[in-house]
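Participant: Pasting a structure below so you can have a look.
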Amino acid sequence: MIHGENIPLARLTTLKVGGPALHVIECASVDDVREAVAFAREQHLPLLPLGEGSNVLASDEGFPGVVLRMTIPGIVAEESDDSVTLVCGAGVPWDSVVREAANRALWGIENLAGIPGTTGAAPVQNIGAYGMELKQTLAWVDAFDTHTGEITRIENSECDFGYRDSRFKHETNLIIISVALTLSRHGSPQTGYSDLARLASEGNDLSTPALIGEAVRAVRALKFPDLTVVGTAGSFFKNPILTGDQHLHLAAKYGAVPSFPVEGGVKIPLAFVLDRVLNLKGHEQGNVSLFGNQPLVLVAQSGATASEVDAFADMIAVRVKEATGISINREVRHFPER
Ligand SMILES: Cc1cc2nc3c(=O)[nH]c(=O)nc-3n(C[C@H](O)[C@H](O)[C@H](O)COP(=O)(O)OP(=O)(O)OC[C@H]3O[C@@H](n4cnc5c(N)ncnc54)[C@H](O)[C@@H]3O)c2cc1C
């Protein structure tokens, strides 16, 4: 267990903004988690889990409590005839799990290749990309409940998964310590989303999970800025879900708007609105901008502050609302919650 004090959150998050965390405790085992929780309780301090910080906007004021940095390692495979369940420590980088599955020729998470972050955080927002979501393969998670001090197994059906949502977003007493994914030995490529459909139509071989994973990583390398150079948390907003009428109204005004049927309506790419309706691709204000290759991605240059990012994101939401009447929601979470 590594315990640091007054560590800038800018160093622990991919947006690279945020003031100091009073305590940061790295937890590589369940015992470490217990100790960190006990320490926070003794000191009467709030505690929040953090993985690789790739989906948070850390406050300029920092966090006057304990950041539990999850690093529990390990992937164990439980084999059966048609499937294999990978039981993963919450600190394992997500893409290592995707690579492990690909090495074993297992299907179910190949389209989720290249998403940054830890495996423990993946259920929190039910990560998704290229037509696939974590909830499709997640069997269960084990979570340490800070209220009771017990480890509780939560089955998929109890996770309340939604679009970039789950109960873990709302019940912050649940610290995920391991994640089990049931993957199939007999899958088939899911290439319905445009980038993968294009690659398939161009004759690229997408016949195995490993080949799809590599293709997805190559596509993503063009869509996202280099995390080692600038600050970003990927897509800053969720794609909006519209009613059929709202979608027709938008299409009547701005021409064909791409859409994907989802529960409760149609999901449209916010990038379309930011680019084609508002012409905001690459829009820059101070140290913050929308990425030129994918306007849903917000980029924080060196020197940016959390309040600058906040104000920029608010301005984008207002512009979208004024032009289209659509209210958009952030995918990136405030750390701590406001
Ligand atoms: C370049 C880039 C591209 C991205 N692309 C995608 C994408 O395609 N699809 C997608 O869905 N996301 C994407 N993201 C967002 C991000 O990668 C995911 O949300 C990822 O799962 C976050 O993992 P993390 O370890 O960094 O979590 P963090 O950012 O550290 O934490 C996120 C939230 O989860 C909580 N949390 C963290 N660990 C735990 C735990 N063990 N138990 C309970 N709660 C916990 C935190 O308190 C916080 O509220 C992208 C981000 C970047 C920077």
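The values are calculated or read from the model by the stated rules, or taken from the named source; none is laboratory data. Quantities reported herein were computed from a predicted structural model and do not represent experimental measurements. When we count neighbours, we look across all protein chains shown, and the Cβ atoms used for this are built from the backbone with ideal geometry, even at glycine.
Participant: Taking region 139-166 as the search range and keeping residues that are within 15 Å of the chain's Cα centre (by Cα) and free of Cβ contacts under 8 Å to residues at least 40 places away in the same chain, which one is farthest from Ala36 (Cα to Cα)?
Facilitator: Gly162
Participant: Within the set of pairs 6+ apart or on separate chains, which have a first residue in region 321-338 that is more than 30 Å from Leu47 (Cβ to Cβ), a second that is surrounded by fewer than 11 Cβ atoms within 10 Å (Cβ to Cβ), and C-beta atoms under 9 Å apart?
Facilitator: From region 321-338, the pairs are Lys321/Ser327.
Participant: Could you list, in sequence order, the residues of region 293-311 that are part of a helix (DSSP H, G or I) and surrounded by fewer than 22 Cβ atoms within 10 Å (Cβ to Cβ)?
Facilitator: Listed by number, the residues that qualify are Ser307, Glu308, Asp310, Ala311.
Participant: Sticking with this one: Taking Gln136 as meeting all but one of (1) free of Cβ contacts under 8 Å to residues at least 60 places away in the same chain; (2) near the ligand (Cβ under 10 Å from one of its atoms); (3) within 21 Å of Gly264 (Cα to Cα); (4) not aliphatic (A, V, I, L, M), write down the number of the exception.
Facilitator: (2)
Participant: With the requirement that a residue be out of contact with any strand residue (DSSP E or B) (no Cβ under 8 Å at 6 or more places or on another chain) and either buried (at least 21 other Cβ atoms within 10 Å of the Cβ) or under 22 Å from Leu211 (Cα atoms) (or both), what does region 136-164 give you?
Facilitator: Hit for region 136-164 is Gln136, nothing else.
Participant: Tell me, yes or no, whether region 85-92 has at least one residue that is loosely packed, with under 15 Cβ neighbours inside 10 Å, touching a residue at least 24 places away in the same chain (Cβ under 8 Å) and away from the ligand (no atom under 12 Å from the Cβ).
Facilitator: No, the conditions are met nowhere in region 85-92.
Participant: Another question, then. Please find, among Gly128, Gly120, Gly114, the residue that is without any contact (Cβ under 8 Å) to a residue 60 or more places away in the chain and within 11 Å of the ligand (Cβ to nearest atom).
Facilitator: Result of the check over Gly128, Gly120, Gly114: Gly128.
Participant: Under the condition of being within 21 Å of Gly4 (Cβ to Cβ) and aliphatic (A, V, I, L, M), which residue from region 69-84 is surrounded by the most Cβ atoms within 10 Å (Cβ to Cβ)?
Facilitator: So the residue we want is Met70.
Participant: Is it the case, given these coordinates, that Thr232 is touching a residue at least 40 places away in the same chain (Cβ under 8 Å) and hydroxyl-bearing (Ser, Thr, Tyr)?
Facilitator: Against the criterion (touching a residue at least 40 places away in the same chain (Cβ under 8 Å) and hydroxyl-bearing (Ser, Thr, Tyr)), Thr232 qualifies.
Participant: Could you grab me the full set of residues in region 167-182 that are surrounded by 16 or more Cβ atoms within 10 Å (Cβ to Cβ) and either assigned to a loop (DSSP other than H, G, I, E, B) or touching a residue at least 40 places away in the same chain (Cβ under 8 Å) (or both)?
Facilitator: Residues satisfying the conditions are Phe168, Lys169, Ile175, Ile176, Ile177, Ser178, Val179, Ala180, Leu181, Thr182.
Participant: Return a yes/no flag: does region 186-200 have any residue that is surrounded by fewer than 20 Cβ atoms within 10 Å (Cβ to Cβ), touching an Asp or Glu at 6+ places or on another chain (Cβ under 7 Å) and touching a residue at least 60 places away in the same chain (Cβ under 8 Å).
Facilitator: Yes, region 186-200 contains a residue that is surrounded by fewer than 20 Cβ atoms within 10 Å (Cβ to Cβ), touching an Asp or Glu at 6+ places or on another chain (Cβ under 7 Å) and touching a residue at least 60 places away in the same chain (Cβ under 8 Å).
Participant: To continue, here is another question. Restricting attention to region 243-263, does a residue exist that is more than 18 Å from the chain's Cα centre (by Cα) and buried (at least 20 other Cβ atoms within 10 Å of the Cβ)?
Facilitator: Yes, the conditions are met somewhere in region 243-263.
Participant: Given Val37, Val97, Val66, which one is touching a residue at least 12 places away in the same chain (Cβ under 8 Å), aliphatic (A, V, I, L, M), assigned by TED's automatic domain parsing to the domain that holds Ile177 and surrounded by fewer than 24 Cβ atoms within 10 Å (Cβ to Cβ)?
Facilitator: On inspection, the qualifying residue turns out to be Val97.
Participant: Select, from Asp226, Asp314, the only residue that is without any contact (Cβ under 8 Å) to a residue 12 or more places away in the chain and under 19 Å from the mean Cα position of the chain (by Cα).
Facilitator: Asp226
Here's the yes/no breakdown for (1) within 18 Å of Met70 (Cβ to Cβ); (2) away from the ligand (no atom under 14 Å from the Cβ); (3) of a type in the set (Phe, Trp, Tyr):
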site: Asp145; (1), (2), (3): yes, no, no
site: Asn156; (1), (2), (3): no, yes, no
site: Phe161; (1), (2), (3): no, no, yes
site: Leu183; (1), (2), (3): no, yes, no
site: Gly187; (1), (2), (3): no, yes, no
site: Gly192; (1), (2), (3): no, yes, no
